[in-house]
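Colleague: Below you will find the structure I want to go over with you.
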Amino acid sequence: MTDLRYLPDADGVTEFEATVVDVGEEYVVLDGTYFYPGGGGQPADRGTLTWGGGSATVVDARKNHGDVRHYVDADGPLPDAGTTVTGRIDADRRDRLTRLHTAQHVLSRVALDEFGAATVDNGLAVDGGWVAFDGVDLDADGVATIERLTNAAVERDLAVRKTERPRSTVEEAVPEGRARLDLIPEHVDPMRVVEIDGFDVCPCGGTHVDRLGDVGRVRITEASTDDGGTERIEFDVAP
């Protein structure tokens, strides 16, 4: 089983050493990794693995029955099991996705508090993110309010804490409409929780900044409603 070393709060580590435990035709499994393997709307990290006499580009990372498979593109043979490798994560890409993911948490909480909008889905890409809401009909003024209050929260530069907590305490702390706890398997206990000091708490395995001030300016780039009445807000962050 691959040790997810970025949990609960080592989001900032982008270079590490690990030992190869398994090798496939297109992937390498390590005993531990800081590569985020994707999930919760956040894409997997990219980067490189290097070892004595060889290197490979990590083009994807995915969980597989407790392991993390680092899918690679290499010119030569992959390292044998037992080889020590150095992993280097694309730090700029990780930083951007980390900032976007934290911005999404703030935006979702603002929409819930101000309009009773429940987050039902979300996604991130390097060029921006989106959130889908149920239970709300937003007009242009509502969208502007969400953007304004999201940035007001970011400007408070609140601490962002990543911890593991018993599932029962998480279920008590997370308000209705903030997260789809019913979709998280019952065996996930404890849960990794992202808490924005005095503002929000939400179970999440993704990467996040340590303080809201690191997010940057949040800008809503588009808002739309689908045929089923679900509101979708697209957003971006700038330094």
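Since every read-out is calculated from the coordinates, none of them should be taken as a lab result. Bear in mind the structure is a predicted one, so any value in this text is a computation, not a measurement. Here Cβ is always computed from backbone atoms with ideal geometry, including for glycine, and neighbour counts include all displayed protein chains.
Colleague: In the chain, what % of DSSP beta bridges are antiparallel (nearest 5)?
Modeller: 95 percent
Colleague: Quick check: residue separation of residue 145 and residue 182 times 0.36 nm, minus the Cα distance between them. What number comes out in nm?
Modeller: Values: separation 37, 0.36 × 37 = 13.32 nm, distance 2.94 nm.
Here the answer is 10.4 nm.
Colleague: Please compute the modelled spin-label separation between residue 217 and residue 81, points set 7 Å along Cα→Cβ, answer in nm with one decimal.
Modeller: 5.4 nm
Colleague: Compute the FRET efficiency between residue 120 and residue 15 as 1/(1 + (r/R0)^6), taking r as their Cβ-Cβ distance and R0 = 25 Å, and round to the nearest 0.05.
Modeller: E between residue 120 and residue 15, to the nearest 0.05, is 0.10.
Colleague: List the residues whose amide H sits under 5 Å from the amide H of residue 117, counting only those 5 or more places along or on another chain, with H placed 1.01 Å from N in the peptide plane.
Modeller: It is 112, by chain and number.
Colleague: Moving on to the next point. What's the angle, to the nearest 10 degrees (0 to 90), between helix 140-155's Cα axis and the longest principal axis of the chain?
Modeller: 60 degrees
Colleague: Using the alpha-carbon atoms, what tilt in degrees (0 to 90, nearest 10) does helix 91-115 show relative to the longest principal axis of the chain?
Modeller: Once rounded, one gets 30 degrees.
Colleague: Once the Cα gyration tensor of the chain is found, what semi-axes does its equivalent ellipsoid get, as square roots of 5 times the eigenvalues, in whole Å, sorted largest first?
Modeller: They are 35, 19, 16 Å, listed largest first.
Colleague: Ok, one more. Stretch residue 155-residue 113 to full length: gain in nm at 0.36 nm per residue minus the Cα-Cα span?
Modeller: Once the chain is fully extended between residue 155 and residue 113, it gains 13.3 nm.
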